Amino acid sequence: MAKKKKNIELYAPTTWKKAFQRDWQLYLLILIPLILVIVFNYAAYPGMRMIFYDYKPAKGYDGSEFVGLETIKKVFKDNDFFLALKNSIKYNLLDLALGFPMPIILALILNELRFPRFKKVTQTILYLPHFLSWVIIGSLAYQLFRPSTGIVNIVLKNFGLIKDGIPFLTEPGHWMVTYLLIAVWQGMGWGTIIYLAAITSISGELYEAAMIDGANRWQRIWHITLPGIKSTAVTMLIMNLGRIMGSNFERLESFGNSGVKSEQYQLAIYIYEKGLAGNNFSRATMVGVFQSLVGLLLVIVADKVAKKLGEDGLL
Amino acid sequence: MSKKRKKEMESTNDGSRAITKFKFSDFVIMLVLVILCLTCVLPFIHLGAKSLSADTYVVAKKVFLWPKGFTTTAYKAVFEDGRLVYSFGYSVVLTAIFTLLGMVVCTCAAYPLSRRRLKGRNVLSFVLMVPMYFSAGLIPTYVLMNDLNLIDNMWGLILPLIFSPYNMLIMKSFLQSSIPDTLEEAAFLDGATNFQVLGKVVLPLSKPIIATLSLFYAVGRWNSYADAKYYIRLKEKFKPIQLLLSEMVSTASEASSTAFEAVVNIATPEVLQAAAIMFVTIPIICVYPFVQKYFVKGVMIGAVKG
């Protein structure tokens, strides 16, 4: 009887006063992350008013000139901004087109593998690139792909396939392909985990029944495995679509060089170069806020779409 | 799910291939996977070989997967230069502090939020999650960091990032599913406080997730360098190893990527660069096989909640 009474006390809705009396220790714990978030995230929000000033770091807000909507107008007349925006969207869409199917295909292949030992070693090796920083991947790529000293070009030349070194990372067109494929390579193994987990939850009986009915490997993949991971794939696709405005500074920076500026110039680079390196704080803030707002909007839309399709939302 | 049942499920899922004979398609599958694995392994073998080769062989383009004219000069130079070695030590300390504090903060957020009895839970969790979806951007954050005196300061690389909403969500969903309220009730009946329950019931049961998330924190801090590039402007001693490597190779690659490559090449210690990259990569490759399975676990738990 006493136990039941305690139960009610613990879980019945209470007044704030009672809740604090009972759980003050929990509130004390959560105060720590709350303070951190307020000090390091929320406290930065007022800084967004820089958009309306011609902000000079040395003068602060009081000393800087209030310019109203001038900065916003300037940004939307800025060719550099449109180049960065165009490149960001273009590369995110290409990343998605190449990077989204690859883990699915790889997961299907891994699932068809017979030898558990071999599978385990393969997975361990394929996950590795995910744990390397973009600096390492970028500098490794430069070592491998340089026109005259990179091993890839040396090997191709030795086989007589090419005469001159291919400028994999120094000419815009080649750079685009190399840059995109390296990201596919980096993410493909790691991306399989989520699909392999989904495949594990498909009932083995389905496969047995299909085998008894004489379905071959492709039929089993097409009619059992693929439908089994469809909802995971849809969720992943929507989540990735929500990130279409993002841009990864570390990745771009690691692959940057003077020859490919026109392609490498994306929003993260714009904000860094105009803002921190170029001291044009107001304009960089404006572009950052634009990026954040559109990103937020996309996430909300993606969440709505996912829920409409009967999948779990993101929010 | 018990381990045994998991095993059973895995073995029934072999149904797709258990009975059939080894076919041509099996061979193709293995071939594809071997090739993909080689793309992950060969670059590092080549780089390792290069870093252990004599300059002349590298310039003559004769080094492929095995060192020619074996020498450790390049590594000696890396150690003598000392910057990478110092930075390595600094990064280890930075990562250790970051991971420890990160786990403390993560637990402080995830444990209360995982308890249904906490009044105001939804509001608190909303307040904590907003920054994940809307950030003020680089410049306002930079100005804030400047006001907080965290520019050119080691704590500038720690404090802003130790609360990670993503890690918090993973821990929260783990606590919700593996520590039911009934488990706590028994402790409360014995008169335990919330702190005692956390210390004696919850944490001992959360060891696997603590291991996983510590690794998430550690790898995240170890690998990222954008914030260091933003916030460490003048003081060399606060630069983590990834930033240092990035600065070392970017000057070199910029020079040798131009038309002058052939000329610069002799002057640019390509071997030295290879050694520097290997110096930063080897620790990860050494630790990675042992900790990999914890990562996979974390992704699985995280996937449940999206």
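The values are calculated or read from the model by the stated rules, or taken from the named source; none is laboratory data. Just so you know, these numbers come straight off a predicted model, no measurement behind them. Neighbour counts run over all protein chains shown; Cβ positions are idealised from the backbone, glycine included.
Yes or no: the stretch B:100-107 includes at least one residue that is away from chain A (no Cβ under 11 Å) and under 23 Å from B:A226 (Cβ atoms). Step through it out loud before you land on a result.
Within the stretch B:100-107, the first condition is being away from chain A (no Cβ under 11 Å), and the residues that meet it are B:100, B:103.
After this cut, where a residue has to be under 23 Å from B:A226 (Cβ atoms) as well, the list is B:100, B:103.
Taking every residue of the stretch B:100-107 in turn, at least one turns out to be away from chain A (no Cβ under 11 Å) and under 23 Å from B:A226 (Cβ atoms).
Consider B:G156 carefully, then state whether it is on the phi < 0 side of the Ramachandran plot and touching a residue at least 60 places away in the same chain (Cβ under 8 Å).
On the way: on the phi < 0 side of the Ramachandran plot: yes; touching a residue at least 60 places away in the same chain (Cβ under 8 Å): yes.
Here the answer is yes, as B:G156 does meet what is asked.
Determine whether A:L126 is within 21 Å of the chain's Cα centre (by Cα) and either farther than 13 Å from A:S254 by Cβ or not in a helix (DSSP H, G or I) (or both). Full working, then the answer.
Details: within 21 Å of the chain's Cα centre (by Cα): yes; either farther than 13 Å from A:S254 by Cβ or not in a helix (DSSP H, G or I) (or both): yes.
Judged against the criteria, A:L126 is a match.
Yes or no, residue by residue, for (1) crowded, with 21+ Cβ neighbours inside 10 Å; (2) more than 27 Å from the chain's Cα centre (by Cα):
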site: A:G138; (1), (2): yes, no
site: A:T149; (1), (2): yes, yes
site: A:N158; (1), (2): no, yes
site: A:M176; (1), (2): no, no
site: A:L180; (1), (2): no, no
site: A:G189; (1), (2): yes, no
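Under the condition of being at the interface with chain A (Cβ under 7 Å from one of its Cβ atoms) and of a type outside the set (K, R), which residue from the stretch B:114-126 is farthest from B:S206 (Cα to Cα)?
B:L124
Is it true that A:W134 is in contact with a helix residue (DSSP H, G or I) (Cβ under 9 Å, 6 or more places away or on another chain), at the interface with another protein chain (Cβ under 9 Å from one of its Cβ atoms) and surrounded by fewer than 22 Cβ atoms within 10 Å (Cβ to Cβ)? Steps first, please.
On the way: in contact with a helix residue (DSSP H, G or I) (Cβ under 9 Å, 6 or more places away or on another chain): yes; at the interface with another protein chain (Cβ under 9 Å from one of its Cβ atoms): yes; surrounded by fewer than 22 Cβ atoms within 10 Å (Cβ to Cβ): no.
Criteria not met by A:W134.
If I ask for residues that are in a helix (DSSP H, G or I) and crowded, with 18+ Cβ neighbours inside 10 Å, which ones from the stretch B:50-72 would you list? Before you say what the answer is, go through the steps one by one.
Kept after step one, since they are in a helix (DSSP H, G or I), are these residues of the stretch B:50-72: B:50-51, B:55-59.
Matches in the stretch B:50-72: B:K50, B:S51, B:Y57, B:V58.
Determine if the stretch B:132-147 includes at least one residue that is assigned to a helix (DSSP H, G or I), modelled with pLDDT under 90 and within 11 Å of chain A (Cβ to nearest Cβ).
As a first pass, look at the stretch B:132-147 and keep what is assigned to a helix (DSSP H, G or I): B:132-133, B:138-147.
Pick out the ones that are also modelled with pLDDT under 90 and you get B:132-133.
Subsequent filtering for residues that are within 11 Å of chain A (Cβ to nearest Cβ) retains B:132-133.
Checking the stretch B:132-147: at least one residue is assigned to a helix (DSSP H, G or I), modelled with pLDDT under 90 and within 11 Å of chain A (Cβ to nearest Cβ).
So, in the stretch A:276-315, of the ones that are outside any helix (DSSP H, G or I) and among the small types (G, A, S), which residue ends up farthest from A:A233 (Cα to Cα)? Can you show your working first?
Going residue by residue through the stretch A:276-315, those that are outside any helix (DSSP H, G or I) are A:278-280, A:309-315.
After this cut, where a residue has to be among the small types (G, A, S) as well, the list is A:278, A:310, A:313.
Working: A:G278: 42, A:G310: 13, A:G313: 13 Å.
Here the residue is A:G278.
Considering the stretch A:89-131 alone, what residues qualify as being among the hydroxyl-bearing types (S, T, Y) and crowded, with 20+ Cβ neighbours inside 10 Å? Write out each step before concluding.
At the first step, the residues of the stretch A:89-131 found to be among the hydroxyl-bearing types (S, T, Y) are A:91, A:122, A:124, A:127.
Result: A:Y91, A:T122, A:Y127.
Could you list, in sequence order, all residues of the stretch A:104-134 that are of a type in the set (S, T, Y) and farther than 26 Å from B:Y225 by Cβ?
First, pick out the residues of the stretch A:104-134 that are of a type in the set (S, T, Y): A:122, A:124, A:127, A:133.
Of everything in the stretch A:104-134, just one residue is of a type in the set (S, T, Y) and farther than 26 Å from B:Y225 by Cβ, namely A:T122.
Identify all residues within the stretch A:237-275 that are touching a Phe, Trp or Tyr at 6+ places or on another chain (Cβ under 7 Å), within 10 Å of chain B (Cβ to nearest Cβ) and surrounded by fewer than 21 Cβ atoms within 10 Å (Cβ to Cβ); write none if there are none.
Residue satisfying the conditions is A:Y272 alone.
Restricting to the stretch A:213-236, what's the tally of residues that are facing another protein chain (nearest Cβ under 10 Å) and assigned to a helix (DSSP H, G or I)?
Result for the stretch A:213-236: 9.
Taking B:P204 as the residue in question, decide whether it is more than 7 Å from chain A (Cβ to nearest Cβ), surrounded by fewer than 19 Cβ atoms within 10 Å (Cβ to Cβ), part of a helix (DSSP H, G or I) and at pLDDT 90 or above. Break it down into steps so the answer makes sense when it comes.
Working: more than 7 Å from chain A (Cβ to nearest Cβ): yes; surrounded by fewer than 19 Cβ atoms within 10 Å (Cβ to Cβ): yes; part of a helix (DSSP H, G or I): yes; at pLDDT 90 or above: yes.
So B:P204 passes the test.
Please determine, by comparing only the residues of the stretch A:49-88 that are aromatic (F, W, Y) and surrounded by fewer than 16 Cβ atoms within 10 Å (Cβ to Cβ), which one is nearest to the chain's Cα centre (by Cα). Working first, answer last.
Initially, the stretch A:49-88 is screened for residues aromatic (F, W, Y), giving A:52-53, A:55, A:61, A:66, A:76, A:81-82.
Those still in the list that are surrounded by fewer than 16 Cβ atoms within 10 Å (Cβ to Cβ) too: A:61, A:66, A:76, A:82.
Numbers: A:Y61: 34, A:F66: 36, A:F76: 26, A:F82: 22 Å.
Among residues in the stretch A:49-88 that are aromatic (F, W, Y) and surrounded by fewer than 16 Cβ atoms within 10 Å (Cβ to Cβ), the one nearest to the chain's Cα centre (by Cα) is A:F82.
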